[in-house]
Amino acid sequence: GGTDEQKRRAAETAVEAVEDGMVVGLGTGSTTAFAIRAIGDLVADGMDVRGVPTSFASRELARECGIPLADLDEIDAVDLAIDGADQVAGDALVKGGGAAHAREKVVDAFADRFLVVADPSKVADVLSHPVPVEVLPAARTTVAAAVSDLGGDPELRRAERKDGPVVTDNGNLVLDCDFGPIDDPAALAASLSALPGVVEHGIFVGLADVVYVGTEDGVDVLDC
Ligand code: DER
C-alpha cells in the first residue's frame, strides 16, 4: 500500500468539497480515515455536517472525531460520499478490503457525488485484484462453486484475531475471488450479482465521479 502522506493528501483534497449543511457518506478503510479526521476538524471549526457511516469502524471513528451522525434510512439525500478502493482502473473499482463494501456501495451509489481517495499503489490499467463477495453464511459453498464456474478462485476470508472466518457487520461471510485480469468488469459484476446467496460484491462500475490519488508531492485527479 501507499504511505500515510499519500493517503492524507488524497483524503484532504477530497474533503475540500465538503460544504456547510452537507450530508457526507463516510467510507471505510485507512485512507478514508484521514478524510473522516479532516471532516472532524471542519465540524470543530463550526461547519454543519452530518456523516452517514458505511461500517461499524467508520461510525466509531466519526463519533471519536465529533461528527454528527445520520442513519442512511433517516436521510433523503447524500450530497457527497468519500471512500477508498483496493484497486482503480478507469471507471471501475475493486472495493471490500475492509469487508464493508455492501453498505459502502449503497451509500456511494446513492450519493450525488462519489469521490474516491487512493494512493498510487491502487491504480492499474486493468482490474486484477481478487473480488470480495459477501455471501449468506449458508450459501458459501454454493456460491464458491458458482464462482469457480465463472473462472474465479474463491477463498473464504479468515479472521486475523479470531478463530474462523471474518464475519461482516451484516453477519455474513466474505469470499475473496481471484479472477486474474478482469477485462469486462461490468459483465463480471452482473454475473456475480445474479448468483443466489451473494449479498454484494466489490466491483463498483461507473459509480465514482472522481479519484484523488495522493502522491509524494501532490494529488493526481482522475476523472471517471
Ligand atoms: O474496504 C474498502 O472498500 C476500503 O475502502 C478499501 O478498499 C480501501 O482501504 P484502504 O484505504 O485502507 O486501502
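The values are calculated or read from the model by the stated rules, or taken from the named source; none is laboratory data. Being a predicted model, the structure only gives us computed values, none of them experimental. Note: ideal-geometry Cβ built from the backbone for every residue, glycine included; neighbour counts use all protein chains shown. With ligands, DNA and RNA removed, areas are computed over all heavy atoms of the protein, side chains included. Shrake-Rupley method; radii C 1.70, N 1.55, O 1.52, S 1.80 Å.
Quick notes on this one:
- Cα-centre dipole for the range 154-224 with unit charges at Cβ (Lys and Arg positive, Asp and Glu negative), debye to 20: 500 debye
- Computed about the Cα centre, the dipole magnitude for the chain is approximately 780 debye when only Lys and Arg (+1) and Asp and Glu (-1) carry charge, each at its Cβ.
- Pairs of Cα atoms nearer than 8 Å and 6+ residues apart set the relative contact order; for the range 99-224 it is 37 percent.
- Positive-end residue of Ala85, Ala38, Val106, charge dipole of the range 2-140 with Cβ unit charges: Ala85
- Residues Cys65, Cys224, ordered by accessible area of protein heavy atoms at a 1.4 angstrom probe radius and largest first, appear as Cys224, Cys65.
- Local charge for Gly25 was computed over the other residues whose Cβ lies under 9 Å away, with Lys and Arg +1 and Asp and Glu -1, and equals -4.
- Computed with every protein chain present, the accessible area of Val147 is close to 0 Å² [probe 1.4 Å].
- Apolar share of the accessible surface for the chain: 46 percent from carbon plus sulfur atoms, 1.4 Å probe.
- Percent RCO, i.e. relative contact order, over the chain, from Cα pairs under 8 Å lying at least 6 residues apart: 24 percent
- Exposure here means at most 12 other Cβ atoms within 10 Å; with trypsin sites (Lys or Arg not before Pro) in a DSSP loop as sites, the longest stretch of the chain lacking them is 1-160.
- Each of His201, His129 has its accessible area taken with a 1.4 Å probe; listed largest first, they run His129, His201.
- Rh by Kirkwood over Cα pairs, then Stokes-Einstein D for the chain at 0.692 mPa s and 37 °C, µm²/s: 187 µm²/s
- The residues of the chain expose on average 45 square angstrom of accessible surface per residue, using a 1.4 Å probe on protein heavy atoms.
- Dipole of the chain computed with +1 at Lys/Arg Cβ and -1 at Asp/Glu Cβ about the Cα centre; of Thr215, Ala10, Thr28, farthest Cα towards the positive end is Thr28.
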